[in-house]
Amino acid sequence: MTQGGWGSAAFFGATTALAAGIAIAIQGALNQTLARTNGPFSAVAVSGLGAGTLALLAFAATRGSASLHSAPVWAYFGGACGFVLLLGITLAVPRIGALSTAALVVAAQLAMAAAIDQFGWLGVSTRPLSATRLSALVGMLFFAWLSVRR
């Protein structure tokens, strides 16, 4: 990757960081629904198992129901969000650096979390986006943009 431009590697890194940030927000919402029906340790276990399973499947592809029935099916995809986060950060940091990766992850996470709150997606209680919260979100997006500029 060249140091002076916004080439394909940097674009790929930024895209994966943004996907990771969105996954964090979604994962929190999914896990809170799972925890509400089965307890917090169940949510952590399912997320960890989901991320581990996807990682093992990805590794295998490149290298050669207890009491969980009461939650909605979509609540079990928190582990997939964790996988996207871990993979996104792993792929982005070498391409755009730790600061830009973290800034984009946080910016994407905040934007997705604001949407989840605003619309009550994924079983989360609706919390309207106030002018103050919107200003904070715009500020965070601006700071993320500044962090990726050269």
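Read-outs: derived from the displayed coordinates by stated rules, not from any lab. Just so it is clear, the model here is predicted, and its values are computed rather than measured. Heads up, the Cβs are rebuilt from the backbone with ideal geometry, glycines too, and the neighbour counts pull from every protein chain shown.
Think of it as helices only: each DSSP H run of n ≥ 4 in the chain is worth -39500 (n - 2.57), and spread over all residues that comes to -26500 deg cm²/dmol at 222 nm. Relative to the Cα centre, the charge distribution of the chain, modelled as +1 at Lys and Arg Cβ and -1 at Asp and Glu Cβ, gives a dipole magnitude of about 220 debye. Taking 7 Å steps out from each Cα toward its Cβ at F12 and L134 produces label points 3.8 nm apart. Charged neighbours of S100, selected by a Cβ distance under 14 Å, balance to +3 (K, R count +1; D, E count -1). Computed over neighbours whose Cβ is under 11 Å from that of A114, the net charge equals +1, Lys and Arg +1, Asp and Glu -1. Potential lengthening of the chain between L146 and V73 amounts to 22.4 nm, from the contour at 0.36 nm per residue minus the alpha-carbon distance.
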